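The values are calculated or read from the model by the stated rules, or taken from the named source; none is laboratory data. Keep in mind it's a predicted model, so treat the numbers as computed, not measured. Every residue, glycine among them, receives a Cβ derived from its backbone with ideal geometry; neighbour counts consider all protein chains shown. SASA here: full protein model, heavy atoms, side chains in, ligands and nucleic acids out. Shrake-Rupley method; radii C 1.70, N 1.55, O 1.52, S 1.80 Å.
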Amino acid sequence: MTRRPTFPAQLGAGPGPGLSLRPSAARAAAPRPAPQQAAGMGLDSGAVRARMVAKLAAQGIGDARVLAAMGEVPRHAFVDSALVNQAYEDTSLPIGLGQTISKPNVVARMIELLLGGHCDAQGRLGRVLEIGTGCGYQAAVLGRVSREVYSIERLRGLHDKARDNFGPLRLTNVHLLFGDGMVGYAKGAPYAGIIAAAGGDAVPAAWIDQLAPGGRIVAPCVMPGGAQALVVIEKTPSGLQRSVLEAVHFVPLKSGIA
Ligand code: SAH
C-alpha cells in the first residue's frame, strides 16, 4: 500500500486529535475553513500518524513505548504551515534559523536507545534533559515516555517557536529553557537520560556529571574522520560505557546563546 495520504494539505499547525474541533463545529464552518481550524482533520491526522508508526515498526523500531508516543504527538503541529503535508514523511524538515527537525526514524531510534537505561516500574524514564529544543517536537515525544523533561535551546527564536507550538497541547511535564545546553542544566540533575539533537566534537563533561547512575546519554558526536556517529554513554557501577553506533547528520552543537 503506497497510496499517498490525502491529509493534510489544508491542515494548519493546529492541535492534534483530541484537541481538534468536533465534527459538528467543523460542519458549521465556512466552506473553506481557515488553516488553523483544522476542521474535521483530527481523525485524518491520526490515520496518517498510524501509517508513520507502522513504517517505523517495519524499519526496526520495536519499543512499544516509543511507537505509542510517536503515534500520539501531532508532528504537523510543530512544522511551518507550508510543510504540513510532509509532516509525516520520514524526512527532516527546516524549522527556521538554519535548523531542522530530525526525521521521525531518528527521533524514534534515539528515544528507544535512551529507554534502554534505567526506567521505573511503569517503564517510564525519570527526569530527562534534551539539548536542542528546536521546534519542540522531540521534547513532546520525550514527555510521553518520561516523568519530566527539561529541554534547552540556545536560539531565542526557536525557543519562542517551541513555546508557541506547545500552546494548545497540554505538556505540563515538559519544561522549555533558553540557554546554552553545553553546560547542561544542573538544577534538574541528576538525569535518567540526556539526549542531544546537535553534534559536537565530544560529549561535554557537564552532561556526564549530571547523568544519574544507570542513566544514558544518547548524542551525535563528530568522529576523528570528521563524520558524525550516534554515541551512547551509560553510567554503570563499573564506570562509563561508551558505544559508537550508526552514522548520523545533525546540526552542530554550538556554545553560547543567540
Ligand atoms: N529536537 C529538535 C531538533 C532541533 S535541531 C526538534 O524536534 O525540532 C537542533 C537544535 O539544537 C537547534 O535548534 C540548535 O539551535 C540547537 N543547539 C545547538 N547547540 C546547542 C546548545 N549548546 N544548547 C542548546 N541548543 C543547542
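Residues that are hydrophobic (A, V, I, L, M, F, W, C) and touching a residue at least 60 places away in the same chain (Cβ under 8 Å) were ranked within the range 220-244; the one that is surrounded by the fewest Cβ atoms within 10 Å (Cβ to Cβ) is V232. Going by what's in this entry, would K161 be described as at pLDDT 95 or above, more than 16 Å from the ligand (Cβ to nearest atom) and basic (K, R)? Taking the combined requirement at face value, the residue does not satisfy it. Note on the range 82-94: among residues that are within 21 Å of K161 (Cα to Cα) and surrounded by fewer than 23 Cβ atoms within 10 Å (Cβ to Cβ), the one that is farthest from the ligand (Cβ to nearest atom) is N85. Looking across the range 179-196, the residues that are open to solvent by 20 Å² or more (accessible area, probe 1.4 Å) and within 12 Å of the ligand (Cβ to nearest atom) come down to D180, M182, V183, Y185. With respect to the conditions (1) closer than 21 Å to V79 by Cα; (2) open to solvent by 60 Å² or more (accessible area, probe 1.4 Å); (3) among the charged types (D, E, K, R); (4) within 14 Å of the ligand (Cβ to nearest atom), R170 falls short on a single one, namely (4). Scanning the range 54-72 for residues that are buried (at least 21 other Cβ atoms within 10 Å of the Cβ) and among the β-branched types (V, I, T) turns up just one, V66. In the range 190-207 there is no residue matching the filter, namely being over 27 Å from M223 (Cβ atoms), touching a helix residue (DSSP H, G or I) at 6+ places or on another chain (Cβ under 8 Å) and not charged (D, E, K, R).
The residues in the range 97-146 that are touching a Leu at 6+ places or on another chain (Cβ under 6 Å), small (G, A, S) and more than 10 Å from the ligand (Cβ to nearest atom) can be counted, and the count is 3. Using the structure shown, decide if H118 is in contact with a Phe, Trp or Tyr (Cβ under 6 Å, 6 or more places away or on another chain) and surrounded by fewer than 24 Cβ atoms within 10 Å (Cβ to Cβ). No; evaluated as a whole, the condition is false for this residue.
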